[in-house]
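Quick notes on the structure that follows.
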Protein chains: 2
Amino acid sequence: MAWNTERTRELLLAAATEEFSAKGLAGARVDRIAAAAGVNKERIYQYFGKKDELFDAVLAAEMVRVMTEVPITGSGPESFGEYAGRLFDRHTTDGVLPRLLFWEGLERGGDTVSRATRSDHCAIKVGQVLEVLPGIDRTDAADLLITVITLCDGWPVLPQIDTLLAGSSADRTTRRRAFIVRTATLLAEALAAEAKPAPEAALN
Amino acid sequence: MAWNTERTRELLLAAATEEFSAKGLAGARVDRIAAAAGVNKERIYQYFGKKDELFDAVLAAEMVRVMTEVPITGSGPESFGEYAGRLFDRHTTDGVLPRLLFWEGLERGGDTVSRATRSDHCAIKVGQVLEVLPGIDRTDAADLLITVITLCDGWPVLPQIDTLLAGSSADRTTRRRAFIVRTATLLAEALAAEAKPAPEAALN
DNA sequence: CGCAATTGCAACTACCTGGTTGGAATTGCG
DNA sequence: CGCAATTCCAACCAGGTAGTTGCAATTGCG
């Protein structure tokens, strides 16, 4: 054996991540990925099979990365709101994962090739929510997560909406962040209050 | 003069809407649009210039259509929540506009060609929010709209997220709708309360 | 050093793309 | 009916695509 095969793989994966994020599955060019990685074209087919499978590898890796980089910790609605803020920041400074997710949703209509590995990590995420907001319904936890993810991921992908509706003031990002954090906290509070009814107020 | 030129235009626009929604700007095929419209290829270039401009025409038309079909009416937070529900329904039964918006955001990075006409209609929308929730800040109204639009539009485009996080139970759509309506109502209540401080409770 | 695994190179296939062109056919107003 | 505007048809262009192949060069373990 010879060569550092692992390094070649990672170079390709990194270049592919950039390319797919920018241009999508159909728009990405295999030649460009190989050139950016400084690696020959056929390595892609050797290591990942075809374009589609390379995209899968990229998306899975990126999901796991972000999920571990931005954990849900602490306890109570405030903590959950603060998580939303961190996720927002992460996506604002690096919009790769949001873009990959929306590309996948649009170009493949949700028919993921390798759903298996990813769903495990997602289950962990729902578990984290239940730890921070104990007692709430599992379905509500999932919906809460979906809401926050949709809001944080949608922001870097839909700059038009913001410009059209709110104009282009300098600190739009700051305002949007604050609004999302507020939304997340508010929702978490509502669900938590419902889980363990307050001493004075009953259900409703 | 002869021929029904207006009809030709509309046939092309309808076919293009379908094609662009499904495949995006880069993925759409001019030949396929022409064939679906039962019209010859060069008509597209004659009427709309190039592919890009056809996309603009499609997106503008679709935005105006949905905006007029789903107005923001009534008064109070409940009314706003009900608007969110109607928007959700509209996008769930016909996901064309959401897809077009996300395609544009991803493929053109927010650099819209014809922003002018669309921004007018958006200003109207913000105005409608201010009528339903009088007294709230204009920026908050915009953020409220952006939030609801992101949630309602993101849903049909990101089926993966839902499947991964919440499983694939039969009534996911119903649950998601309820959660979004609740979120919209909750936010509207919070902003309205802030606008005209309650008799008993002061600011904060 | 030797040798097998890995890689670079460059050409190649087979096909698809947006956009254009020239001429013939169709339409319906006046 | 005449005629001009509109449309169809079919070929065409220049360029780009994913994926493959055969061969020579490089690498580093044993």
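Here is how far apart the residue A:40 label points are across copies: 4.9 nm, shortest first, using a point 7 Å from Cα toward Cβ. Solvent-accessible surface (1.4 Å probe) assigned to residue A:83 amounts to roughly 10 Å². Please check: in the Gaussian network model of chain B (C-alpha springs, under 10 Å), which one of B:185, B:92, B:163 has the largest mean-square fluctuation. The residue that fluctuates most here is B:163. Using θ = phi - 60° in the Karplus curve 6.51 cos²θ - 1.76 cosθ + 1.60, the 3J(HN,Hα) couplings for the stretch B:25-31 round to 5, 6, x, 5, 10, 4, 4 Hz; x is entered for Gly and Pro.
Enter the accessible area per residue of the stretch A:55-150 (Å², integer; probe 1.4 Å; all protein chains in place).
Values: 3450 Å² over 96 residues.
On a per-residue basis, the stretch A:55-150 sits at 36 Å².
Of the solvent-accessible surface of the protein assembly as shown, computed with a 1.4 Å probe and all protein chains present, 54% belongs to carbon and sulfur. Going Cα to Cα from residue B:23, which lysines come in below 20 Å? Please leave out same-chain ones fewer than 8 positions away. Partners within reach: A:23, A:51, B:41, B:50, B:51. Accessible area per residue was computed with a 1.4 Å probe on protein heavy atoms; residue B:10 scores about 110 Å². In order along the stretch B:117-132, the Karplus-derived 3J(HN,Hα) couplings, from 6.51 cos²θ - 1.76 cosθ + 1.60 at θ = phi - 60°, round to 4, 6, 5, 4, 4, 5, 4, 4, 4, 4, x, 4, 4, 5, 6, 6 Hz, and Gly and Pro are given as x.
For the stretch A:55-195, taking Cα atoms only, Rg and Dmax work out to 15.4, 43 Å respectively.
For A:165-173, what's the mean count of beta carbons from other chains sitting within 10 Å of each residue's beta carbon? Before the final figure, lay out each step's value.
On the way: counts 13, 10, 7, 0, 1, 0, 0, 4, 0.
Per residue, the number of nearby Cβ atoms from other chains is 4 on average.
Between the stretch A:71-150 and the stretch B:114-171, how many Å separate their Cα centres? Cα centroid to Cα centroid, the span is 19 Å. Please list, by residue number, everything in the stretch A:138-167 whose backbone N is under 12 Å from a paramagnetic label point 7 Å out along Cα→Cβ of residue B:175. Zone members listed by number: A:138-146. When the stretch A:55-195 is described by a simple charge dipole with +1 on each Lys and Arg Cβ and -1 on each Asp and Glu Cβ, the residue from A:136, A:121, A:167 located farthest towards its positive end is A:167. Between copies, residue A:93 shows label-point distances of 4.5 nm, shortest first, with the point placed 7 angstrom from Cα along Cα to C-beta. Note on residue A:43 and residue B:117: the model spin-label points, each 7 Å out from Cα along the C-beta direction, lie 4.9 nm apart.
A label point on residue B:170, set 7 Å along the Cα-to-Cβ line, lies at 5.7 nm from each of its counterparts in the other copies, closest listed first. Straight-distance candidates among the aspartates and glutamates for linking to residue B:196, with alpha-carbon spacing under 13 Å and chain neighbours fewer than 8 residues away dropped: B:137. The A and B chains share an interface that buries close to 4700 Å² of accessible area, total over both sides, probe 1.4 Å.
Can you give me the orientation-averaged projected area of the convex hull built on the Cα atoms of the protein assembly as shown, in nm²? Show your work: numbers first, answer last.
Details: hull surface 95.5 nm².
It is 23.9 nm².
Across B:59, B:97, B:158, mean-square fluctuation computed from a Gaussian network of chain B (C-alpha pairs under 10 Å connected) peaks at B:158.
Relative contact order for the stretch A:1-138: what is it in percent, counting Cα pairs under 8 Å that are at least 6 residues apart? Here the relative contact order equals 26 percent. When shorter helices are ignored and each DSSP H run of at least 4 residues is given -39500 (n - 2.57), the per-residue value for the protein assembly as shown at 222 nm works out to -25500 deg cm²/dmol.
The values are calculated or read from the model by the stated rules, or taken from the named source; none is laboratory data. Nothing here was measured: the structure is a model prediction, and the numbers come from that model. Note that we place each Cβ from the backbone using ideal geometry, even for glycine, and neighbour counts take in every protein chain shown. The area values use the complete protein model at the heavy-atom level, side chains included, leaving out ligands, DNA and RNA. Shrake-Rupley method; radii C 1.70, N 1.55, O 1.52, S 1.80 Å.
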